[in-house]
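Input: a single structure, listed below in structure tokens.
The values are calculated or read from the model by the stated rules, or taken from the named source; none is laboratory data. Only a predicted model underlies this, so the values are computations on that prediction, with no experimental measurement involved. Here Cβ is always computed from backbone atoms with ideal geometry, including for glycine, and neighbour counts include all displayed protein chains.
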Amino acid sequence: MSAQSGYPRAGQPRPANTPGEAEPAGPAASQRRAAARGSRLAQAACVAGLAYAAISAYWALGGTWLVDTVAGTLGQQGRAGNPGIILAVSAAAALKIIGAIVPLAAVGVTPGQATTTRGGQMRVLAWLEAAILTIYGLVLTGAGLLVQSGVIAPAASADHRALAWHACLWDPWFLLWGALVTAALVRSRQPRTARIAHSRSR
């Protein structure tokens, strides 16, 4: 008896998950590939945001380590238990947590969801976050480095220790976070042909 061929006969459907079979084409598959490209960058952005939020939460709960590197006045008022300072730092921690989650929601959407109203809104929100973080971090880091290099003279009453920490850590952290969000959104962008195909199929 001759061995039966592993290939389907004419007219028979090809078995699913056949070895060597290419991934099905279409908007859903394109969106899966796009989300996979940006997922690691979005996760890195989430880690950067959550780490920054953890520091703010630590200060809001009464921690004092490195609080003087933000601003001497802030550290003094924080140690004194100023309710306004505690509320502001708590709000900053909450915003950073939200900002850490937004890129994951914008990139890790389910297949076919990215072009829906909700998915589109999340990407718009993530782009807005990326712009704010990147511009804020770039401007303040640049200004801080100019101060540290002596190009710009700081005010006589300036806290030089806090200025150094902002120029070398706190402000570049915002810049790095924004760059990661931007890269995640760019890498996860669905190809134009797939977007057109999906819009025509709706």
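Here are some notes:
- Applying a threshold of 8 Å to beta carbon distances and a minimum spacing of six or more residues, or different chains, the list of pairs starting in segment 109-137 at a residue that is farther than 16 Å from residue 41 by Cβ and ending at one that is among the β-branched types (Val, Ile, Thr) and at pLDDT 65 or above reads 125/102.
- Checking each residue in segment 23-62 for being in a loop (DSSP other than H, G, I, E, B) and either modelled with pLDDT of 90 or more or polar (S, T, N, Q) (or both) picks out only 61.
- Taking helices (runs of 4 or more DSSP H) as the structural unit, those lying wholly within segment 119-202 and holding at least 1 residues that are out of contact with any strand residue (DSSP E or B) (no Cβ under 6 Å at 6 or more places or on another chain), β-branched (Val, Ile, Thr) and at pLDDT 90 or above correspond to 171-187.
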